[in-house]
Structures are given as structure tokens and as C-alpha cells.
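Scroll down for the structure; my scribbles are underneath it.
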Amino acid sequence: MAEAPADASDPVAGLIDIPLPASISLWPETWTSRSTVAVAVVALVVSVAWMLHQRRLSRYRREALAELDRISRAPIEPVQLAQKLAVLVRRTALAAFPRQQVAQLTGPAWLDFLDRSYGGREFSQGVGRSLEVAAYQPLGLQRDQLPLIELIRRWIKVHHA
């Protein structure tokens, strides 16, 4: 089939399309660029895996803080509040530390352990002492338990093994 002759009155009829350049690859051209991309991808995967691992390890902290919020908002007597707080601290310590290290501790040894893991003295010499006597001396508890709740909140957030 022959091409139709170009009409002399149409100036565009004789033009030829311009060839387009080849598409550009997204893959780097040099080996150094490729290795840089590979290292960046590996670093990203490792850092995401590390972050997920850390999140999984600190799950008990998030759950303990959520339970502390539930306990502190519930309308209960100061004696029951202190008892629930003592149980929460014990359970959190058992989740964070080896059972052999925590389970047998009572009295001053328990409060010293909490101080050592926290880096302060508020448990053995401050408001945290009420955790030790909560079950035995209900009349010695103060009505305002907010300082104790805040101490336990700080301990849950920052204790270390």
C-alpha cells in the first residue's frame, strides 16, 4: 500500500515524529550506588526488627501502666487501693526480673530491691513504704494516694534490671 501523497496545503503532513529516549531505570548504574542502596535496605530492616523486639519486650510496661490507670481511677477505699498497687508492683517486677530474684523478697528487702531497680530511695524511705504495710496496717495509710501512684508510675517507666 502506498502512502498517500502529502497535501501541499497541509504544512504538518510531512513532519516525522521525534524518537523518544529510552526509559530511565530506577536501579542505580554503578556498583557503589547499588551497594549503598543494599546497605540502606539492610539497615532499615534491622532497625525495624530491633524496634519491634524492643516494643515486644516493653509490653509488660504498657500493660502495667494501663492497669495502674484503671486502679487509680476506680472509686475504692485507700486500703484496697494500696493493696491493689502492691499487687501490681509485685506482678510487674515478676514480669521484668527473674522469678528467683523477686519472688522471695518481702519487707525491707523488697523495698530495697525496688529502690535499687529504680535508682532512688522513695520506696524504703518515702511514700513507697506504704506498699509494705498496706495489708497489715490499714489505719496507717494516708487518704491521698496520689504520690504513691506517681511513684509507682515512675518506677514502671524507668526500672532497670
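The values are calculated or read from the model by the stated rules, or taken from the named source; none is laboratory data. Everything quoted here is computed from the prediction, not taken from an experiment. Please note: Cβ atoms are built from the backbone with ideal geometry, for glycine as well, and neighbour counts cover all protein chains shown.
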- Query: In the stretch 106-119, which residue that is modelled with pLDDT under 90 and under 23 Å from GLU63 (Cβ atoms) is farthest from the chain's Cα centre (by Cα)?
  - Reply: GLY119
- Message: Could you tell me how many of the residues in the stretch 131-161 are farther than 12 Å from VAL89 by Cα, surrounded by 13 or more Cβ atoms within 10 Å (Cβ to Cβ) and at pLDDT 80 or above?
- Response: 2
- Task: Note down all Cβ pairs under 6 Å where the first residue falls in the stretch 37-61 and is touching a residue at least 24 places away in the same chain (Cβ under 8 Å) and within 30 Å of LEU88 (Cα to Cα), the second is in a helix (DSSP H, G or I) and among the aliphatic types (A, V, I, L, M), and they're at least six residues apart or on different chains.
- Result: TYR60/ALA95; ARG61/ILE156
- Task: Inspect all residues belonging to the stretch 46-58 and state whether any of them is part of a helix (DSSP H, G or I), of a type outside the set (Val, Ile, Thr) and under 14 Å from ILE156 (Cα atoms).
- Result: yes
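Here is a yes/no grid of residues against (1) within 30 Å of LEU148 (Cβ to Cβ); (2) assigned to a helix (DSSP H, G or I); (3) not polar (S, T, N, Q):
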{"site": "ILE24", "(1), (2), (3)": "no, no, yes"}
{"site": "TYR60", "(1), (2), (3)": "yes, yes, yes"}
{"site": "LEU68", "(1), (2), (3)": "yes, yes, yes"}
{"site": "SER72", "(1), (2), (3)": "yes, yes, no"}
